[in-house]
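Structure record follows, encoded as structure tokens.
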Amino acid sequence: MLTRRRFLLLSPALLAALRPQAYAQDFSGFPLHKKKQPAPPPPVFVYFGTDTNGGASKGIYRSTFDPVKGTLSQPVLAAATPRPGFLAVSPLHSGPRFLYAVNAVSDPGATVTTFAMDSNTGDLRQLGQVPACGSDPVYISVDSGGQSAFVADYLGSSVSSYRIQSDGTLSQPVQKIDFKDAEKFGALGPVAARQNAPHPHCATISPDNRFLLVCDLGTDHISVFAIDPETARLTPTQLFTNNRPGSGPRHIAFHPNGRWVYGINEIDSTINQYLWTSTRFSKQPQAFLVNTINVVKTIDPTFPAEKNTAAEIAVAPGGLFLYASNRGEDTLAVFSISQKDGRLKLIQRIPCGGKGPRHFTLTPTAQGLICGNQLSGNVAVFRRDAITGKLSGPIQSVPLDSPFFTLFA
């Protein structure tokens with residue numbers, strides 16, 4: 001006889017028989033069931049541009065970065081090409097990837113070279129070469145849609161634009177803008193030895209892909225151009241200055257909020273903070289940089305400013321910290337960023353692990369920083385604390401003759 005007591009005792013077993021899948025799901029999180037550990041992230045390709053004048057370097061070198069250990073493999077030659085001083089890579093789409101290098105030779109016939117990247121091996125294969133439209137090209141940028149590229153020519157005093165063609169190569173120059181017109185781009189600065197001519201040192205695309213910002217070390221100005229996405233042509237909009245003649249603007253970095261812009265000045269080793277705003281619904285887009293007069297030194301106050309040239313600048317993901325490099329003092333400076341007003345506060349100054357830190361970059365996860373020391377012929381790897389922003393190390397030093405530039409791809 002099925003009594004009430006017997007029914008209650010049998011109910012769990014009956015339910016289990018009727019719903020085996022549900023019970024299996026209920027126990028899936030039980031400690032006896034081991035969760036499958038995620039696979040470690042694969043190594044990442046790293047490319048180094050080097051100075052091929054007089055040294056052992058032959059062009060672009062390739063290494064792999066282990067994101068678990070935070071270390072680099074020994075670089076090997078990926079492509080022989082003269083003085084690849086600055087590199088850029090096509091956006092990460094489903095199609096093939098391309099790498100672009102400016103050949104920073106002091107010759108009016110300087111070039112920009114396109115390479116196809118092998119996604120499996122990281123090998124580079126040269127596809128094409130076009131004129132840089134000036135001597136000593138020092139910077140190249142590619143828009144986020146992979147449609148246009150822009151080059152700054154330091155000694156050629158110009159900026160050139162290009163269309164990116166369907167095969168990944170650059171078109172012939174679409175436009176060349178000559179910065180020697182003082183009425184348009186400002187008079188030369190007072191430091192005769194460094195400011196004897198306009199010297200465009202960067203061609204940085206704004207986060208919204210609509211404007212190009214050019215730092216001119218020779219005139220102490222920053223030019224802002226509107227980009228025509230269909231043609232890659234540039235329309236001058238505004239000219240801005242930090243009101244400090246002789247500072248020598250070199251590179252800029254946008255904060256993730258798109259509102260704050262930081263400019264590093266090579267000659268007087270300082271960083272300026274600007275406010276950025278742009279029109280959104282105008283047929284003739286315009287953008288503006290407002291100087292906040294918030295200025296910090298990148299070097300120790302006791303270090304002679306004339307013996308240092310500031311170089312690279314970067315804002316970490318999340319926007320809490322900013323990094324800068326000093327050639328002469330040979331340090332990396334770390335600043336915290338006030339989330340209220342964007343002001344910078346020095347929190348660390350650490351030796352760069354060599355001499356002449358021309359360029360550095362944060363690793364893809366921002367857990368580390370890689371610094372190329374041009375004068376000592378090595379690449380130094382640092383760990384980065386995401387909470388404090390501070391660097392530790394170097395944890396590794398890899399020999400490489402005259403490193404100019406570092407690019408993760």
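The values are calculated or read from the model by the stated rules, or taken from the named source; none is laboratory data. Only a predicted model underlies this, so the values are computations on that prediction, with no experimental measurement involved. A quick note on method: Cβ atoms are made from the backbone with ideal geometry, for glycine too, and the neighbour counts reach across all protein chains shown.
Computed quantities for the displayed model
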quantity: Within region 179-198, considering residues that are without any contact (Cβ under 8 Å) to a residue 60 or more places away in the chain and either touching a Lys or Arg at 6+ places or on another chain (Cβ under 9 Å) or β-branched (Val, Ile, Thr) (or both), the one farthest from His255 (Cα to Cα); calculated: Ala197
quantity: Among residues of region 168-181, those that are within 11 Å of Ser157 (Cβ to Cβ) and in contact with a Leu (Cβ under 9 Å, 6 or more places away or on another chain), counted; calculated: 1
quantity: Residue match in region 94-117 (condition: at pLDDT below 95 and either surrounded by 20 or more Cβ atoms within 10 Å (Cβ to Cβ) or among the basic types (Lys, Arg) (or both)); calculated: yes
quantity: Answer from Pro207, Pro229, Pro190 - the residue that is surrounded by fewer than 16 Cβ atoms within 10 Å (Cβ to Cβ), more than 19 Å from Ser106 (Cβ to Cβ) and in contact with a Phe, Trp or Tyr (Cβ under 6 Å, 6 or more places away or on another chain); calculated: Pro207
quantity: Some residue of region 239-252 being in contact with a strand residue (DSSP E or B) (Cβ under 7 Å, 6 or more places away or on another chain), part of a strand (DSSP E or B) and modelled with pLDDT under 95; calculated: yes
quantity: Residue list for region 293-316, filter: crowded, with 16+ Cβ neighbours inside 10 Å and in a strand (DSSP E or B); calculated: Asn294, Val295, Val296, Lys297, Thr309, Ala310, Ala311, Glu312, Ile313, Ala314, Val315
quantity: Out of Leu92, Leu87, sole residue that is in a loop (DSSP other than H, G, I, E, B) and under 22 Å from the mean Cα position of the chain (by Cα); calculated: Leu92
quantity: Residue list for region 79-93, filter: over 23 Å from Pro357 (Cβ atoms), hydrophobic (A, V, I, L, M, F, W, C) and surrounded by 19 or more Cβ atoms within 10 Å (Cβ to Cβ); calculated: Ala79
quantity: Output for region 300-318, where each listed residue is of a type outside the set (Ser, Thr, Tyr) and in contact (Cβ under 8 Å) with a residue 40 or more places away in the chain; calculated: Asp300, Ala310, Ala311, Glu312, Ile313, Ala314, Val315, Ala316, Pro317, Gly318
quantity: Wholly enclosed strands (runs of 3 or more DSSP E) of region 109-175 bearing at least 3 residues hydrophobic (A, V, I, L, M, F, W, C) and on the phi < 0 side of the Ramachandran plot; calculated: 111-117, 124-131, 137-142, 148-153
